[in-house]
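Please read the structure below before turning to the comments.
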Amino acid sequence: MTNHPEFLNHPGNAALKAGSNSLQGEYLLPSTDAVRLINSDGTAHTGTKYKETYALPDAQRLLQGYGELVMGRRINEQAGALVRQGRMAVYPSSFGQEACQVAATMCLRGSDWLFPTYRDTVAVLGRGVPPMEAFEALRGDWHSGFDPLEHRTALPATPLATQLLHAVGVAHAAKLRGEDTVVLALCGDGATSEGDFHVALNFAAVFHVPAVFLVQNNQYAISVPLIHQSVAPSLAHKAIGYGMPGERVDGNDLAALLAVLGSAVDRARNGGGPALIEAHTYRMEAHTNADDATRYRSAAEVAQWAPRDPLLRLEKYLHDAGTLGSADAAGFAAAAEETAKALRDGLNAPTEPDPLDMFRFVFSEPTAQLQEQGRQLAAELAAASTEGGRP
């Protein structure tokens, strides 16, 4: 049995108090099938009984989620156009897997923390980061454009799995302070092959921290398919080796994501410890604008995933239920277009970088050497300005 009293005292784990090791193992295992509440055709999914009951979110919450999906899809489309125009250096599209990011932000409180990857711009926007600040790094401007402390959102991590270590550190600190903060860390299937993934999950389990790991399994680590990364029954099954529960969810079903993630977040907040969630989704577009996806996957494979689109699925469900009216749809589209316009205007505006910034923002208190170098450069810039030229 587990050594952590918090684990046993959590209501969701009460059955383990009198159980055996085999019962604990059964509890930690994910559902046989990925949890789904709404089918690809927009109908309610009722055919499978899961090891725990995941209730369908209420209509207003799903309507809110639909609006966020519309926003995410429009941002992906707009960013794709801007990178083709040379307004951004690179863009890793999340077209087709926006539901994972929308659910992640909807399940968190403002006091919680999110640790995203380079593909999670939609999630960053969902945390309230202004569009231009969210895209600064992708344009190639200095730093990453927004204040992590203000938005309780870490800067998107490009190296695989490094953000998971930071996430468990923040979660551990929150536990030591007695806060009810939950940390949600996003990663892809490729990150599960990294050593940092193992270290982060092991630390989270041993120290029983309030962290939830959401693996967006979009089937490829750039060009490497999942079958060449792992032969485990699923990525969620890896959780049992760390002593935390794992779960599988249809990553294109926003309703199921809200239910599964919401349950894991609530459990972590109430002392139940960490969890690993694997969301089955698909990257509909290339890894980035610099990638040629046709070299490692077929058009037929991509076409198989098109009908599973998370936006169209939820739209059909809400429309048939009478929840999504024409006025609502128009309002969501207008709001998304306004955000897209703000992004266009911001990226089209010229910038004038200040060379002295490279000395100001290395440390919170610049060292004597940086101050000296900054003064030297400032003097050179002033002299060049006086002479009417540039250094």
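The values are calculated or read from the model by the stated rules, or taken from the named source; none is laboratory data. Keep in mind that this is a model prediction, so the values were computed, not measured. Every residue, glycine among them, receives a Cβ derived from its backbone with ideal geometry; neighbour counts consider all protein chains shown.
Suppose we filter LEU69, LEU82 for residues that are at pLDDT below 95, under 18 Å from ALA134 (Cα atoms) and in a helix (DSSP H, G or I); which single one remains? Break it down stepwise before answering.
Working: LEU69 fails: at pLDDT below 95.
On inspection, the qualifying residue turns out to be LEU82.
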Q) How about the range 252-271: which of its residues are in a helix (DSSP H, G or I), touching a helix residue (DSSP H, G or I) at 6+ places or on another chain (Cβ under 6 Å) and either over 19 Å from ASN217 (Cβ atoms) or not assigned by TED's automatic domain parsing to the domain that holds ALA171 (or both)? A) ARG267
Q: Take the residues in the range 277-312 that are among the hydroxyl-bearing types (Ser, Thr, Tyr) and buried (at least 18 other Cβ atoms within 10 Å of the Cβ), then tell me which one is farthest from LEU214 (Cα to Cα).
A: TYR282
Q: Tell me the helices (runs of 4 or more DSSP H) entirely within the range 124-177 that contain at least 2 residues that are surrounded by 18 or more Cβ atoms within 10 Å (Cβ to Cβ) and without any contact (Cβ under 8 Å) to a residue 60 or more places away in the chain.
A: 131-139, 162-177
Q.
For ASP196, only one of the following conditions fails: (1) at pLDDT below 95; (2) crowded, with 17+ Cβ neighbours inside 10 Å. What is its number?
A. (1)
Q. If you check every pair at least six apart or on different chains, which have Cβ atoms under 7 Å apart with a residue in the range 51-73 that is touching a residue at least 60 places away in the same chain (Cβ under 8 Å) first and a residue that is small (Gly, Ala, Ser) and in a loop (DSSP other than H, G, I, E, B) second?
A. ALA59/ALA321
Q) Looking at GLY188, GLY243, GLY178, GLY140, which is the one that is small (Gly, Ala, Ser) and touching a strand residue (DSSP E or B) at 6+ places or on another chain (Cβ under 7 Å)? A) GLY188
Q.
Condition check: outside any helix (DSSP H, G or I) and assigned by TED's automatic domain parsing to the domain that holds THR288. Does VAL215 satisfy that?
A. yes
**Q.** Residues of the range 91-122 classified as buried (at least 24 other Cβ atoms within 10 Å of the Cβ), hydrophobic (A, V, I, L, M, F, W, C) and in a loop (DSSP other than H, G, I, E, B), total
**A.** 1
Q: Report yes if some residue within the range 365-384 is within 29 Å of HIS280 (Cα to Cα) and of a type outside the set (Gly, Ala, Ser); otherwise report no.
A: no
Q) When you go through (1) at pLDDT below 95; (2) surrounded by 12 or more Cβ atoms within 10 Å (Cβ to Cβ) one by one for GLY331, which number turns out not to apply? A) (1)
Q: Inspect all residues belonging to the range 210-219 and state whether any of them is surrounded by fewer than 24 Cβ atoms within 10 Å (Cβ to Cβ), touching a strand residue (DSSP E or B) at 6+ places or on another chain (Cβ under 8 Å) and touching a residue at least 40 places away in the same chain (Cβ under 8 Å).
A: yes
Q | Verdict on VAL183 being farther than 19 Å from PRO92 by Cβ, surrounded by 24 or more Cβ atoms within 10 Å (Cβ to Cβ), at pLDDT 95 or above and aliphatic (A, V, I, L, M) | A | yes
